[in-house]
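Inspection log for the structure reproduced underneath, given as structure tokens.
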Amino acid sequence: MRMMTTLKVLFTLSITVFSCLTTSAAEPPNILFIMSDDHTAQAVGAYATLLKNLNPTPNIDQIAAEGICFDNAFCTNAICTPSRACIITGQYNHINGVFDLGGRIERDKQALPRLMRSAGYQTAMIGKWHLKVEPNFDYYKVLPGQGKYFNTEFRVQGDKKWPKNVIKYPGSHSSDVITDATLEWFKNHRDTEKPFFVCHQFKAPHDYFESHPRYDSYLANTDIPEPESLWTKPDTWGSLATRGYKDELVPHIGTSIGRRNPRRSYAADLPVKFPEEFKWDYRDPNLSNEQVKRLSYQAYLKKYLRCVKGVDDNMKRLMDYLKAEDLYDNTLIIYTGDQGFWLGEKDYQDKRWAYDESARMPFIVRYPKAIPQGVRSDAIIENIDYPALMLDYAGVSIPAEMQGRSFRQICETGKEPDNWKQATYYRYWMHMAHHDNPGEMAMRTKTHKLIYFYGCNYQGESLTPPAWELYDLTSDPNELDNVYDHPEYKTIREHLKSQFAQLRLEIGDDGSHYPECEAIVQEFWDYDQADREKAIKISRAFLNKRESELADIKNEQK
């Protein structure tokens, strides 16, 4: 009898506990999506190798230690506006229509905040927006366009139509005032009866890297380690597309840290953007090319990492508030950048390329109620998958028009489902704009990367030499040995090209968006001997054109 009573009590308790767990599990978490602009994985302590000893991001690293870190998270187009468009829609750029910096996502197409609101979430967008039209959030306070580092301005809701309601903060720095704005929203606008979905989006560390003066002494007496490829790249690296015929385009493809690119380099930008700070001039004949590159690299990294430090310090302010208000463990916290960024590797600056330095994104998730701490995953995820993950946690069914998939199961178990994607798709459309990057598309698996530089604009014009590159990431993770023409890689090359062509069709990049461009893509796809000979002629023609343009600029300066 006593045993029966005990069993009845235990059974009742178990039902009660199960009921509590079920109720708790049914409660959707708050969601805080934090994104910095151009914060590359190489400058996050949880990822960094070369810069790890500088300890650039202790607060972000703490979130990583308490959650999961994804080592193979990639954007589908390493430029600000297209990446943000992918995250707000869950679609590739050729589907959402944002191919470049001029793109926009209309309010009714902003799927992520719209679906969050339908699920009962209170939504807020604070910081860098960069998608032109009015944000479809319950509350917004966003930077106009790119925004300013100092004397920050915000577009807000008000009596006037978007975008005419503007608030100014004289004397402010963007990283601080964006954080102030989010904390102010929590304190004065948050509806405690609803879960929140907040996008907190820093401008930093976007170039030209203007940090708050309090960071002027940070790393001032430190020699930043230099990547080996800043100085030397083997002859096996690159292709006709990136080097030109007999290396004739090395000065003209991809902007540089030092003097390599005569049109634009960080060395040339410094005295123009920071005339009071940098008294040396890259044109000084008394400075060697080596000296200029070394000086420019140190300036580049220190200015960049000072902006990163400002982001990380403000991350602490956010986390401290969540902890104080007992929200920290009830909130799904995501930290990412909108793409990767070059930190001098291969003597490149900015982003845009399909190489890992600019295509890889840091992606960290913390939610102790469901995600174990200290886990790393090498599962391939793309920025189109991010909204699906958040919607999944919000209890929203992923709409059919979203191309991304939720990877919640990976977050909670560290293991990939059997049918999880095994390749990413990448396409950069802004041919030779701003940083002299040719039009390109790529596919990356865990073991290989295949890049196709088709080298033309939307109209199939302004050609640079087309070429293919193939990297074996298992033996060559730094992508320095192009094995496209190696006989032993012929079978894997043809297999990957076939997979690449099929992937394009599956995701809808079928060439119908810009048929003249697609004609060039198809013309050089096989890359037979005739294609290669034509590519050499294109290389010579582009060199002549660029040298003529530079000569005209010099004449105008005289």
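The values are calculated or read from the model by the stated rules, or taken from the named source; none is laboratory data. The model shown is predicted, which means the values in this text are computed figures rather than measured ones. We place every Cβ from the backbone using ideal geometry, glycine too, and count neighbours over all the protein chains shown.
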Q.
From the list 209, 197, 202, exactly one residue is of a type in the set (Phe, Trp, Tyr), in contact (Cβ under 8 Å) with a residue 12 or more places away in the chain and over 25 Å from residue 49 (Cα atoms). Which is it?
A. 197
Q. Can you find even one residue in the range 381-400 that is assigned to a strand (DSSP E or B), touching a helix residue (DSSP H, G or I) at 6+ places or on another chain (Cβ under 9 Å) and surrounded by 19 or more Cβ atoms within 10 Å (Cβ to Cβ)?
A. yes
Q) Of everything in the range 157-175 that's surrounded by fewer than 18 Cβ atoms within 10 Å (Cβ to Cβ) and in contact (Cβ under 8 Å) with a residue 24 or more places away in the chain, which residue is nearest to residue 312 (Cα to Cα)? A) 167
Q | Scope the range 68-110; condition crowded, with 24+ Cβ neighbours inside 10 Å and of a type in the set (Lys, Arg); matching residues | A | 84
Q. Being in a helix (DSSP H, G or I) and of a type in the set (Asp, Glu), is that true of even one residue in the range 495-509?
A. yes
Q.
For the range 477-496, check the following and say yes or no: at least one residue is surrounded by 13 or more Cβ atoms within 10 Å (Cβ to Cβ), in contact with a strand residue (DSSP E or B) (Cβ under 6 Å, 6 or more places away or on another chain), among the aliphatic types (A, V, I, L, M) and under 22 Å from residue 94 (Cβ atoms).
A. yes
Q: Examine the range 444-459 for a residue that is surrounded by 15 or more Cβ atoms within 10 Å (Cβ to Cβ), in a loop (DSSP other than H, G, I, E, B), of a type in the set (S, T, N, Q) and without any contact (Cβ under 8 Å) to a residue 60 or more places away in the chain, and state whether such a residue exists.
A: no
Q. How many of the residues in the range 177-213 are surrounded by fewer than 18 Cβ atoms within 10 Å (Cβ to Cβ) and among the acidic types (Asp, Glu)?
A. 4
Q: Considering every residue within the range 351-373, establish whether at least one is outside any loop (DSSP other than H, G, I, E, B), surrounded by fewer than 20 Cβ atoms within 10 Å (Cβ to Cβ) and either among the hydrophobic types (A, V, I, L, M, F, W, C) or modelled with pLDDT of 95 or more (or both).
A: no
Q.
Condition check: touching a residue at least 60 places away in the same chain (Cβ under 8 Å), over 22 Å from residue 244 (Cα atoms) and not in a helix (DSSP H, G or I). Does residue 476 satisfy that?
A. no
Q. Which one of the conditions (1) closer than 29 Å to residue 51 by Cβ; (2) more than 24 Å from the chain's Cα centre (by Cα) does residue 247 fail to meet, given that it meets all the rest?
A. (1)
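Yes/no matrix, rows are residues, columns are (1) in contact with a Gly (Cβ under 7 Å, 6 or more places away or on another chain); (2) surrounded by 15 or more Cβ atoms within 10 Å (Cβ to Cβ); (3) within 16 Å of residue 431 (Cα to Cα); (4) aliphatic (A, V, I, L, M):
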| site | (1), (2), (3), (4) |
| --- | --- |
| 505 | no, no, no, yes |
| 510 | no, no, no, no |
| 518 | yes, yes, yes, no |
| 525 | no, yes, no, no |
| 529 | no, no, no, no |
| 536 | no, yes, no, yes |
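From 543, 463, 470, grab the single residue that is in contact with a strand residue (DSSP E or B) (Cβ under 7 Å, 6 or more places away or on another chain) and either under 22 Å from residue 79 (Cβ atoms) or not in a loop (DSSP other than H, G, I, E, B) (or both).
470
Being more than 15 Å from residue 56 (Cα to Cα) and either in a loop (DSSP other than H, G, I, E, B) or among the hydroxyl-bearing types (Ser, Thr, Tyr) (or both) is the filter here, so list the residues in the range 302-334 that pass it. Working first, answer last.
First, the residues of the range 302-334 that are more than 15 Å from residue 56 (Cα to Cα): 317-334.
If the condition is that a residue be more than 15 Å from residue 56 (Cα to Cα) and either in a loop (DSSP other than H, G, I, E, B) or among the hydroxyl-bearing types (Ser, Thr, Tyr) (or both), then 321, 325, 326, 327, 328, 331 are the ones that fit.
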Q) Pairs, please: C-beta under 6 Å, at least 6 apart or cross-chain, first residue more than 30 Å from residue 265 (Cα to Cα) and buried (at least 24 other Cβ atoms within 10 Å of the Cβ) and in the range 297-319, second β-branched (Val, Ile, Thr) and modelled with pLDDT of 95 or more? A) 314/179; 315/60
